[in-house]
Amino acid sequence: MNRVRTVLLPPALAVLFAALLCAVALLVSGDNPLTALAVMITQVGEGTTAVDIVNSAAVYYLAALAVAIGFQMKLFNIGIEGQYRLAACVAAIVGGAVALPPVLHTLVILLVGALTGAAWAGIAALLKAYRGVSEVISTIMLNFVATGLIAFLISTDAFGVLRGNNISTQPIAPSGQVPGIPLGDFGRIFGLIFLSAALGVAYWFLLERTRFGFDLKASGESPTAAAAGGVNSRRMVIIALLLSGAVAGLVGLPELLGRDLAYTLNSPTGYGFTGIAIALLGRNHPVGIAIGALLWAFLDKSALALDNVGVPREIVLIMQGSIVLSVVVAYEIVRRYELAAEQRRVAAQLRARAAEPAGVGSAGAGSTGAGS
Amino acid sequence: MTAVAERKAPTGPLRGRRLPGWARSALVVAIGIAILAVTVTLTGQVQLTSSGTAQAAVRLLLPILLAGLGGLWSERAGVVNIGLEGMMILGTWGAAWAGYQWGPWAALLGGIVFGALGGLLHAVATVTFAVNHIVSGVAITLLGLGVTKYLASLVFVPITSNPRESPRVEGFTEFSIPGLSQGAAALEDQQRVVVSDVAGLLGGLVTDLTPLVVIGFALVPISYYLLWHTRFGLRLRSCGENPVAAESLGVNVYRYKYFGVLISGGLAGLGGAALVLNPGQLGYLEGQTGGRGYIGLAAMIFGNWRPAGLLAGSALFGYVDGLQLRAGGEAVHALLYTATLIAVVVAVYWVARRAWVPAAVALGAGVVVYAVYWSIDTVPREFASYAPQLVTLVVLAVAAQYLRPPATAGEEYRRGEGD
């Protein structure tokens, strides 16, 4: 019961609060919130929406995992955005240039993506570890530089080719593509969705079942305690950011290998920031992140459906933004409430002990320090 | 560089006496202009110091400067403000909405109010609820973008039938400082070494000004005075340096943090208004901030969390941006030459102080930059636009140890829980 209250209640409250906020905004602008809600729910059953949601969620899941790896160590890798875009671009260039047998080709593309992402994050990691530069600032700057680098890489001066009116990289040959699973009228599920799922399991295993995961979380919680336990914090910073960057490097690949087949100037952007939001929603837990990713993708798709019935689609952005902000506030409120409840309980126990001088042991006293 | 000099001066082997701060800044500016003049003479890139470039630079630096000042007020109070970008976006909408109805002064007010609303949200989350500052900032940028797009489609669509654009906003009438402006233009036309360069740069600063430019530049000394020479400022900064000590002396830390973040939001919103009132393109345009909130943050870090340094940072970024817009990659290419000269000057400075390692590093950097300059003819446009971010990365990599941020910026503080 207690666990339900602290873990599940805050996000539920936050979603409810955000929905109420949006309902008020819609009422003010003269739209009917109930119609909007009905449209949002019924759209899931229509056409390929359900599959689209799952596909988007798989991509968001990777982005959020990348963020969560950093969060576990209290590192804010704001640079997922630049890492995944640069990685997708480089992977597309390499994938379009090499000729390899089917499975190997795909593996090479995946590897190039992960390595590029890790290398780009590695700049921030080295700056943090050896020059003491805050990873927040350096990754934000690297995001901008990545945008410039991508524009240069896919320009016709470098690796780009002109296809119609659009500049793109060389398309990837069928041997490198991951076709996906057709579901008839419902659309086609990305093949790399299994990669997302596998990485989710690997993430859980790494953090919960290995010594490395323990060290990682320990250096995030208390660098001094971790150092006293023999953890080299500088090494942990570098490894955590490299891992985060490597996962980020895979974010763009399900769409690249399953749908787009080449990187263009119109390739999707913004997944990095979505990943941050989802990691916060899911509290860095692999299952929580999965639920958050599905919710986010559902809201994204709702924008289109809402547009069709004349409700401003931007309401979805407000909903997403307010969910993130209210979920972190809700966790804080619940945390304070729990702390106060704990203190009351301990105080009651102490009073009870004072009332009967014989004493019943020190069961309550130990837990006072836990919450603060 | 000033920060470097500050640290080293008392123990420097050459002399113990330090130049006063204003003299050092003036010296740095003078050396900078001299180096630019030499570059112009040797490379023939007249646009480097033309009044047109200076004018473009002023227009481009203004939003960055205001966002940077916003970051300064917030971080001095101990709250990291990654949400500047979101507050700026909110400011652009507020400015356009108020501006197209009631004119440019209303636009300024609208920008400030909407930016401050974003700041209020940040303050509630970070100060009252002790939410992580970065988290709240990211969320506010998301939310600011959403709210702005929603409001734009709601309010502007009936008028312009385009959710990405507002109706045209009336701008300020531009004015030039009489006498100075023409005199500078005349001197610039004579194309004399150094004199014309100085005249060009200064001329750009006094030609076609708007009240907003004057306000923006005035806010730098005003911020300095308020933060460093008033009781209010001392208390606000103490909340960023050591909130527990401030609390023990009876300062209401929460209130000062709220002040800092609200002012921060207002300034970022004003930066948004500066974009809306930019003479080139009057009105709200979706995505017009283009990450300038983050560049403002970078300018603040470049300036070592100080108003004058921040001005230098935004001037540098605005200058490179303006140069790239007016004269393209070849002029930016010439800046590499300037960078080489700067590296040499820095190396000489360190040699004079008998600091051999920094001197060697500076010289090595100069050699690398010169090799780049020599091997390419023009800087690709894609990189020229991101010069500010690259410069910030380099400054952080080289000088992070000399930077001195407020001691508890970004740390959570809860009233009465200090130890």
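Since every read-out is calculated from the coordinates, none of them should be taken as a lab result. Just so you know, these numbers come straight off a predicted model, no measurement behind them. Cβ atoms come from the backbone with ideal geometry, glycine included; neighbour counts cover every protein chain shown.
General remarks:
- All of A:THR6, A:THR48, A:THR42 fail the test of being among the β-branched types (Val, Ile, Thr) and over 26 Å from A:GLY275 (Cβ atoms), apart from A:THR42.
- Condition check for A:THR147: closer than 13 Å to B:SER385 by Cα and of a type in the set (Ser, Thr, Tyr): yes
- Search result, residues across the range B:107-166 that are at the interface with another protein chain (Cβ under 8 Å from one of its Cβ atoms) and aromatic (Phe, Trp, Tyr): B:PHE129, B:TYR150
- Matching residues in the range B:387-412 - criterion: being free of Cβ contacts under 8 Å to residues at least 60 places away in the same chain and within 9 Å of chain A (Cβ to nearest Cβ): B:LEU390, B:LEU393, B:ALA397, B:VAL398, B:ALA400, B:GLN401
- Matching entry among A:LEU126, A:LEU75 (being within 14 Å of another protein chain (Cβ to nearest Cβ), touching an Asp or Glu at 6+ places or on another chain (Cβ under 8 Å) and not small (Gly, Ala, Ser)): A:LEU75
- Residue match in the range B:189-205 (condition: hydroxyl-bearing (Ser, Thr, Tyr) and either within 14 Å of chain A (Cβ to nearest Cβ) or surrounded by fewer than 17 Cβ atoms within 10 Å (Cβ to Cβ) (or both)): no
- Number of residues in the range A:13-40 that are loosely packed, with under 12 Cβ neighbours inside 10 Å and part of a helix (DSSP H, G or I): the value is 4.
- In the range B:231-266, the residue that is surrounded by the fewest Cβ atoms within 10 Å (Cβ to Cβ) out of those that are over 13 Å from B:VAL79 (Cβ atoms) and of a type in the set (Gly, Ala, Ser) is B:GLY250.
- Selection status of A:LEU325, in contact with a Gly (Cβ under 8 Å, 6 or more places away or on another chain), assigned to a helix (DSSP H, G or I) and not hydroxyl-bearing (Ser, Thr, Tyr): no
- Any hit, the range B:404-417, residues being within 29 Å of A:ILE154 (Cβ to Cβ) and of a type in the set (A, V, I, L, M): no
- Checked against (1) more than 15 Å from B:ILE64 (Cβ to Cβ); (2) among the polar types (S, T, N, Q); (3) within 14 Å of another protein chain (Cβ to nearest Cβ), B:THR289 passes all but condition (1).
- Output for the range A:137-160, where each listed residue is of a type in the set (Ser, Thr, Tyr), more than 9 Å from chain B (Cβ to nearest Cβ) and not in a helix (DSSP H, G or I): A:THR156
- Among residues of the range A:286-318, those that are of a type in the set (A, V, I, L, M, F, W, C) and within 8 Å of chain B (Cβ to nearest Cβ), counted: 4
- Pair list, Cβ under 6 Å, 6 or more apart: the range A:268-280 residue more than 10 Å from every other protein chain (Cβ to nearest Cβ), other residue outside any helix (DSSP H, G or I): A:TYR271/A:VAL251
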